[in-house]
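I have placed the structure first, in the form of structure tokens, so that the comments after it can refer back to it.
The values are calculated or read from the model by the stated rules, or taken from the named source; none is laboratory data. If you're wondering where the values come from, they're calculated on a predicted model, not measured in any experiment. Every residue, glycine as well, gets a Cβ built from its backbone with ideal geometry; the counts of neighbours run over all protein chains shown.
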Amino acid sequence: MRVKLLAAAAVLLASQSAAQAPAPPKLLVVISVDQFSANLFDEYRPHFTQGLARIASGTVFRNGYQSHAMTETCPGHSTLLTGDHPARTGIIGNTWVDQSVQRSDLTVYCAEDETQPGTSSTAYKVSPKHLLVPTLGERMKARWPGSRSVAVAGKDRAAIMMSGQRPDQRWYWTGAKYESDLAGVPVPTVVPKVNALAGTGLATAREPLETTPFCEGKAREIAISGGGKPVGAGRFARAAGDQWAFRASPEFDGNTLALAAALIEEMKLGRGPSPDIIAIGLSATDYVGHTYGTEGEEMCLQLTELDREVGDFLKVLDSRHIDYAVTLTADHGGKDIPERESLGGITASRVDPALGAGNMGKALVAKLGLKGPGLFGDSSFGDMYIDRHLSPTDRARLLKAAVEAYRAHPQVEAVFTAAQIARTPVPTSPPETWSTIQKARASYRAGRSGDFFVVLKRDVTPIADTTRYVATHGSVWDYDRRVPILFWRPGEVGSTIERTAETTDIMPTLASVIGLPVQDGSVDGHCLREVPGAHCGAR
Ligand SMILES: [Zn+2]
């Protein structure tokens, strides 16, 4: 009898809690802040008062990870809504070398269709064809034909990788306006309006922004080696029509958020019978980081403005009474300029140009008495490719010599051959425990990855010529891998979680929140049980 009563009570309690649990949100808003490292989030979190403060009142994984080695924009965005590492998404870098393409640079861009005649890796036809796995938006549309999937971003690769194949709308900034790769899809009336506003903004000269006491405290001009101008005390004054300065300023994200809000309104997202999703790529933080570094007055003002702009965006959703939930994260972290870091006692340096694939290839070809460029690669680290026109014997000689030469350099941490990486299982342990080769394995895709992979030492910035950019990301180190992962729904009380999570966990978690089945083990990520509304396999 007692057992029966207990069982009855358990059923009653379960049905009560089911009755009290709120219905799933009708609109998933997924925001990627490009280059928003966990280091920046930790530093600025106490200073946020607007939108970012609201979102940070939810469930905060302050130790999120873009776990893989190649911490660039395209691979990072490919993990966010697929649940998979780049080894599965196929997006191993922003670009990779393909020695079969009819192009002088032998380079393919991650978000293009290189089979289109007349295109190049810089003047490309935007396409999701390289993304090999489905996104959450695709899964939602397969489950609920009425679901809408929309992406808006400052960068085409952010919009493409977060929405994948056949979204309902996809818009990204191309230098003077927002454009779409989707043919035959009606253009919402708000798009030309936002484009007109953004175009007027770009064409208008800007006075310096007003600073804040906190940001003013960071204003200190730092001299840069490698030909670049000093940075550290800038407030985004710019000339009319300067599109480079425009996109490296808070105004850029303001436009992207305005377009996102306008599309939500016009398409009535979150107000249909099925759940909808909008992915928003905010790119200005990345351009600010590359142009000015991460610890000056510029980044401080960028994040202050971003906080306000995200707050304004959320107020629009609130005023329309939309039942939404926000996820906010980043495609990778970032690192400050070595010149400022050195003032703070960190032994930081800029990369030796001799490590570039071109320079190294030339030196090795001369040494071995071979012909041609020898090596192809996009940088001084990551995937390196051996000229396939060489004989198998010469290729083997060059591989051996290249691995030895890179390994002997004092700025190089490790070099792995493709065979070594391929033999390593894709890691499943917590991301902070991964070895360097395990990180490389999560970035490895046979047929796209290089013949060997170069890892630079910690605190080596792979930019030698600083005339355009002074700081970057892309490394295997935690300053580039660790990113915040925030989940928030209005009215929800959350907490800050110390244990690590991965950006691959976002997709299965959101799927669980909206009741979309994802078979356990079918993707790299795992449902995060701390997120309210996530049932994590209980459904
Ligand atoms: Zn990025």
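Points worth noting:
- Counted residues, the range 334-371 - those being surrounded by 14 or more Cβ atoms within 10 Å (Cβ to Cβ), in a loop (DSSP other than H, G, I, E, B) and small (G, A, S): 3
- Pairs, first more than 19 Å from E112 (Cα to Cα) in the range 173-193, second at pLDDT below 95, C-beta under 9 Å, six or more apart: none
- Among (1) touching a Gly at 6+ places or on another chain (Cβ under 9 Å); (2) part of a loop (DSSP other than H, G, I, E, B) - the single one Y385 does not satisfy: (2)
- Whichever residue in the range 274-301 is of a type in the set (D, E) and in a helix (DSSP H, G or I) and, among such residues, is nearest to the ligand (Cβ to nearest atom): D286
- For T115: the one exception among (1) hydroxyl-bearing (S, T, Y); (2) within 15 Å of the ligand (Cβ to nearest atom); (3) surrounded by fewer than 24 Cβ atoms within 10 Å (Cβ to Cβ): (2)
- Qualifying residues in the range 462-489 (those that are farther than 16 Å from T294 by Cα and aliphatic (A, V, I, L, M)) - the one farthest from the ligand (Cβ to nearest atom): A464
- Among residues that are in a helix (DSSP H, G or I), surrounded by fewer than 24 Cβ atoms within 10 Å (Cβ to Cβ) and among the polar types (S, T, N, Q), T304 is included.
- Whichever residue in the range 120-153 is in contact with an Asp or Glu (Cβ under 7 Å, 6 or more places away or on another chain) and not basic (K, R) and, among such residues, is nearest to L263 (Cα to Cα): V150
- Residue check for G184: within 28 Å of K129 (Cα to Cα) and assigned to a loop (DSSP other than H, G, I, E, B): yes
- Search result, residues across the range 307-333 that are part of a loop (DSSP other than H, G, I, E, B) and under 17 Å from the mean Cα position of the chain (by Cα): A330, D331, H332, G333
- Residue within the range 68-89 that is outside any loop (DSSP other than H, G, I, E, B), among the small types (G, A, S), farther than 30 Å from P490 by Cβ and modelled with pLDDT of 95 or more present: yes
- R45 vs. criteria farther than 20 Å from Y109 by Cβ, away from the ligand (no atom under 16 Å from the Cβ) and either touching a Leu at 6+ places or on another chain (Cβ under 7 Å) or part of a strand (DSSP E or B) (or both): no
- Qualifying positions in the range 194-226 - without any contact (Cβ under 8 Å) to a residue 40 or more places away in the chain and hydrophobic (A, V, I, L, M, F, W, C): A196, A203, A205
- Residues satisfying the stated conditions in the range 302-335, i.e. over 16 Å from I280 (Cα atoms), away from the ligand (no atom under 16 Å from the Cβ) and in contact with a Ser or Thr (Cβ under 7 Å, 6 or more places away or on another chain): T304
- The residue pairs whose first member lies in the range 354-372 and is within 16 Å of A408 (Cβ to Cβ), whose second member is assigned to a helix (DSSP H, G or I) and among the aromatic types (F, W, Y), and whose beta carbons are closer than 9 Å, counting only pairs six or more residues apart or on different chains, are L355/Y406; M360/Y406.
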